[in-house]
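I have placed the structure first, in the form of structure tokens, so that the comments after it can refer back to it.
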Amino acid sequence: MRFTLVGLLLVMLCSSGCTSSNDERTLVIYSARNEQLIKPLIDLYIKTQDPALKIDYITDDASALLVRLEAENKTTQADLLITVDVGNLWQAQQRNLLSPIKSAVLDSMIPKHLRQADNMWFGLSVRARTIVYSTERVDPEQLVTYEDLANSKWHGRLCLRTAKKVYNQSLVASLIANLGEEKTEEIVSGWVNNLATDVFSSDTQVMDAILAGQCDVGVVNTYYFGRLMKEKPDAKLALFWPNQSDRGVHINISGAGVTRFAKNRDDAIAFLEWLAKSDAQRMIADENQEYPANPNVSSANEVAAWGKFKADKLAVELAGKLQKKAIKLMDRVGYH
Amino acid sequence: MGLRFGGVFTLLFLFLLPIVTVFLSWHHINYENWQHLIETQLFTLSMNTIKLMIGVGFGVCFLGVSTAWVVSIYEFKGRSLFEWMLILPLAIPAYVLAFIYVGLFDYSGEVPIFLRENLGTGFALPEIRSSGGVIMTFSFAFYPYVYLLARSAFARQGRDMLDSARCLGFSALGGFFKVALPLARPAIVAGIMLALMETLADFGAVSIFNYDTFTTAIYKTWRGFFDINTAAQLATLLLGFLFLLLILERFMRGKAQFHQQVVERQPQRYILNRWQTILVVSCFMVLLILAFFIPVAQLFYWVFLGSKKYVSDHLVSFFFNSVALSFIAAIIVLIISVVFVQLDRTKKRWLSAAIRVACLGYALPGSVLAVGIVMVLAGLNHQLIEPIQRIFGLSQQQLLLGSVFGLLFAYVMRFLAIGFSTLDASVSSIKPILADVAKTLGVNSAQIWRRVYFPQLLPGFLTAILLVFIEVMKEMPATLLLRPFGWDTLSIKIYELTSEGQWQEAALPALLLISVGLLGVILIVRQMRFR
């Protein structure tokens with residue numbers, strides 16, 4: 001037994017010795033954006049920018065990656081953390097897992113409201129969470145704002161996704177930031193009153209329910225709508241951009257930051273800068289039908305076809321900050 | 001001897017660590033979050049969880065025991081086919097089943113739409129996204145545990161006891177309830193416990209139904225409030241509840257023992273007439289169609305329909321990784337289970353209790369256990385490996401987290417319960433007199449295992465390996481969090497695709513995963529002729 005243990009330890013030590021003697025540059029990424037979305041970017045970066053670089057990555061849910069980063073502490077191999085939803089980035093920064101980035105390139109390419117105030121993280125793509133409606137049963141004239149979905153004219157006609165999804169938590173957080181907690185509680189409780197059926201576990205199910213006539217309006221991320229329209233081009237659904245006469249549509253980001261104990265900061269920042277430039281931006285946005293974070297890059301044609309909209313310029317960071325308040329509020333009014 | 005015991009205790013200690021870590025979360029209590037939980041949801045989700053446990057408990061017991069009884073006691077056309085086909089639903093992950101049922105039977109699903117179009121709007125199926133729907137899904141997904149364990153128990157009983165019961169004036173059904181069922185009780189209870197533990201641990205399926213349970217609250221507390229402590233505390237309550245159940249069952253069992261005669265080679269079965277055969281076969285077919293053929297057909301449909309956009313070139317390596325990890329983990333689980341079953345038989349209470357606690361990992365939601373393991377591995381790395389690296393002047397590196405070793409440790413930790421309870425159930429049914437006789441003949445304890453227990457336990461071994469193999473294949477949260485770079489498996493692909501709602505593209509890896517499970521089933525069947 002003892003010999004086995006000693007042997008095992010020796011093998012492990014040797015394996016670490018062997019890898020550390022290797023002077024190949026390696027960039028390690030922990031990503032909450034899935035392989036099918038990041039792999040093409042990594043391949044392109046290595047091919048066109050830095051053929052000598054080796055990039056390793058694992059993908060997982062953001063909260064799990066944060067636990068691992070935190071536990072690994074100084075010994076972590078991770079250089080770059082990529083996540084979806086600002087709430088997760090905000091948590092990473094809150095737990096002191098990221099380090100500030102000084103980069104003129106990133107500062108010039110990513111607008112202020114899409115990055116953290118101290119440059120701990122930067123948004124890489126933008127997703128809008130907006131209203132979707134049945135073109136058969138709803139006159140878009142009737143639609144105005146997120147708040148208006150609480151109006152009794154939508155009684156029994158609204159479908160929503162579960163409040164457990166971070167996208168809805170961020171949406172409600174943005175309402176709290178804009179309208180205050182009391183008003184928001186009234187609105188969300190109005191939504192719950194108007195629900196046609198139990199909340200769903202995905203945005204796609206919300207749209208399916210509208211198509212099947214179970215309800216008439218819902219709230220979804222634009223790329224889910226885009227995906228559904230690709231599959232069923234003649235689906236009787238359309239997007240509506242709410243709050244155009246005041247603050248604008250609620251947006252969220254996917255983004256990235258360099259870890260606090262990154263062993264290869266330089267390559268991490270170089271890769272991040274490249275991600276903010278037009279080639280990568282177009283790819284990031286197009287592969288998932290999102291909007292580029294860099295305002296100088298245009299969206300894909302099919303995305304642009306949904307129309308231009310005014311986006312809420314509220315610093316996305318605030319949504320992260322208010323996430324917990326939002327969840328508690330939704331629990332109180334019975335939105336689960 | 002001392003060294004060996006030392007090794008065994010180290011092993012046991014290692015397996016207790018992650019569970020202990022989870023319990024240590026109580027060192028700090030976040031009153032604000034607890035108050036919020038208690039005020040808003042705790043009651044509802046406790047009731048939901050209890051409803052689910054009772055429903056699934058009865059569901060798997062009914063499905064598993066009745067099917068096992070019929071195939072072991074009666075002879076009918078197609079019996080040997082059903083005998084192994086009834087295991088098949090085990091290969092389908094519960095979340096896949098859940099997704100397919102919701103897709104088919106929810107208001108916007110194909111079946112209700114078809115019904116509305118053909119039978120008018122007044123006709124509606126019961127709501128699938130309800131307690132009933134969730135219970136049905138879990139019962140279909142987990143009944144094979146009870147079936148497998150009960151079947152081998154019934155097979156070992158043979159017919160003698162039943163014939164005796166009949167001579168004493170019992171009806172066939174009376175013989176079942178008064179003789180066969182009580183004798184098979186340890187096996188049936190072990191099967192039901194496995195099903196219930198897996199139900200408690202499940203997150204994927206319940207979240208597809210958006211059905212709030214204790215586990216969804218654990219995830220919400222973790223992922224929403226980022227309060228891993230309160231999440232772990234909730235998990236310990238779950239374990240406490242389960243431990244109570246286990247103790248209750250032990251208590252009710254009392255001092256009863258369940259050893260059985262070794263049965264003759266070809267058991268004589270009662271023969272069913274034509275009408276009975278038709279009834280039995282059609283019941284089995286309905287069960288298999290719902291629990292296996294519909295989901296598989298749906299997956300095939302998606303594969304053929306699906307855009308071939310993401311048929312990864314790496315699918316072969318994912319497949320290989322899955323099989324290799326599952327196989328190695330299954331073997332290790334088996335070895336450790338044998339050690340623990342032996343320890344358990346030393347009749348030291350604290351040892352038995354420690355083993356039971358180590359097995360609780362199975363009932364913890366996968367991510368919670370994975371987090372416990374992350375903490376333990378990071379701690380071990382810090383305490384043991386970093387000092388050595390310092391001595392040798394190597395750079396301080398993380399060797400345990402993200403190593404194959406760490407991942408295998410997680411698998412063994414999580415699925416020990418399956419190996420242990422499967423073996424334990426088989427060992428319980430072996431008469432201790434056999435070992436006693438062997439002892440009087442001067443055979444030492446190692447030889448007793450090799451020459452007395454092992455031959456009788458072989459079916460139990462194979463069942464345990466098969467079950468663990470399939471479970472590891474399906475496992476997600478620990479694999480996600482602990483895998484080394486480049487060790488992506490089929491279940492990880494399924495996670496990555498389904499987490500973004502791309503079910504059509506996930507169909508191919510899902511089918512591959514199921515077919516490997518099937519391969520396992522078939523191998524075992526051929527090896528054993530499934531006796």
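Tell me, what % of the accessible area of the protein assembly as shown is carbon and sulfur with a 1.4 angstrom probe?
Of the solvent-accessible surface of the protein assembly as shown, carbon and sulfur hold 63 percent.
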Under the classification rounded if a/c is under 1.5, otherwise prolate if a/b is larger than b/c and oblate if not, where does the range B:1-120 fall, given a ≥ b ≥ c as square roots of the Cα gyration tensor eigenvalues? oblate
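Ignore the peptide's own chain and count Cβ atoms of other chains within 10 Å of each Cβ in A:326-332; give me the average, rounded.
Per residue, the number of nearby Cβ atoms from other chains is 4 on average.
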Using 1/(1 + (r/R0)^6) with R0 = 30 angstrom and r between the beta carbons of B:Met285 and B:Ser515, what's the FRET efficiency to the nearest 0.05? 0.90
Cβ-Cβ cut-off under 12 Å around B:Pro93, Lys and Arg +1, Asp and Glu -1: the net charge is -3
Helix-only estimate, please: 222 nm mean residue ellipticity of the protein assembly as shown, summing -39500 (n - 2.57) across DSSP H runs of length 4 or more and dividing by its residues, to the nearest 500. -19500 deg cm²/dmol
Tensor-based shape of the protein assembly as shown (alpha-carbon gyration tensor, a/c under 1.5 rounded, otherwise prolate or oblate): oblate
Proximal aspartates and glutamates to A:Lys325, defined as alpha-carbon separation beneath 13 angstrom and excluding residues fewer than eight positions away on the same chain: A:Glu181, A:Glu182, A:Glu185, B:Glu32
25 Å Cα-Cα threshold exceeded, pairs from B:Lys348/B:Lys439; B:Lys51/B:Lys347; A:Lys321/B:Lys474; A:Lys54/A:Lys321: B:Lys51/B:Lys347; A:Lys321/B:Lys474; A:Lys54/A:Lys321
Net charge within 15 Å of B:Val179 by Cβ-Cβ distance, Lys/Arg positive one each and Asp/Glu negative one each, not counting B:Val179 itself? +3
So, R0 is 30 Å and r is the distance between the beta-carbons of B:Ala172 and B:Arg253; what FRET efficiency does that work out to, to 0.05? 0.70
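Averaged across the residues of B:373-385, what count of C-beta atoms belonging to other chains lies within 10 Å of each residue's C-beta?
Other-chain Cβ atoms within 10 Å of each residue's Cβ, averaged: 3.
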If packing is taken as the mean number of other Cβ atoms within 10 Å per residue, what is the order of B:444-451, A:83-90, highest first? A:83-90, B:444-451
Exposed GluC sites (Glu not before Pro) being those in a DSSP loop with at most 16 other Cβ atoms within 10 Å, the longest stretch of chain B free of them is B:265-531
One would report the antiparallel percent of DSSP beta bridges in the protein assembly as shown, rounded to the nearest 5, as 60 percent
Cβ neighbours within 10 Å, averaged per peptide: list B:421-430, B:478-487 in order, most packed at the top. B:421-430, B:478-487
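Taking 2.2 N^0.38 Å as the expected size of a compact globular protein, what ratio does the Cα radius of gyration of chain B give against it, to two decimals?
1.00
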Shape verdict for the range A:20-95, please, from the Cα gyration tensor: rounded (a/c under 1.5), prolate (a/b greater than b/c) or oblate. oblate
Report, ordered by chain and residue number, the lysines lying within cross-link reach of A:Lys324, taken as a straight Cα distance under 22 Å and ignoring same-chain residues fewer than 8 apart. A:Lys164, A:Lys165, A:Lys183, A:Lys313, B:Lys220
Take chain A, connect every pair of alpha-carbon atoms lying under 10 Å apart with a spring to form a Gaussian network, then pick out the residue of A:Gln36, A:Gln323, A:Gln94 with the largest mean-square fluctuation. A:Gln36
Using a Cα-Cα cut-off of under 18 Å, which aspartates and glutamates could be cross-linked to A:Lys308, ignoring same-chain neighbours fewer than 8 residues away? A:Glu141, A:Asp246, A:Asp286, A:Glu290
Let me check I've understood the local charge: for B:Leu400, count other residues with C-beta under 14 angstrom from its C-beta, Lys and Arg +1, Asp and Glu -1. What total comes out? 0
Hey, got the average number of other protein chain Cβ atoms within 10 angstrom for residues in B:492-502? 5
For the pair B:Gln456 and A:Lys54, the simple spin-label estimate (label points 7 Å beyond Cα toward Cβ) gives in nm 5.4 nm
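As a test of reading the structure, rank B:Phe409, B:Phe300, B:Phe62 by solvent-accessible area (1.4 Å probe, protein chains only), most first.
On the way: B:Phe409 20, B:Phe300 95, B:Phe62 145 Å².
The ranking, largest first, comes out as B:Phe62, B:Phe300, B:Phe409.
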Order B:179-186, A:297-304 from most to least packed using the mean count of other Cβ atoms within 10 Å. B:179-186, A:297-304
For B:Thr10, tell me the accessible area in Å² from a 1.4 Å probe, rounded to the nearest 10. 70 Å²
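The values are calculated or read from the model by the stated rules, or taken from the named source; none is laboratory data. Note that this is a predicted model, so its numbers are computed, not measured. Glycine also receives a Cβ, built like all others from the backbone with ideal geometry; neighbour counts cover every protein chain displayed. Just the protein is used for accessible areas: all its heavy atoms, side chains included, with ligands, DNA and RNA removed. Shrake-Rupley method; radii C 1.70, N 1.55, O 1.52, S 1.80 Å.
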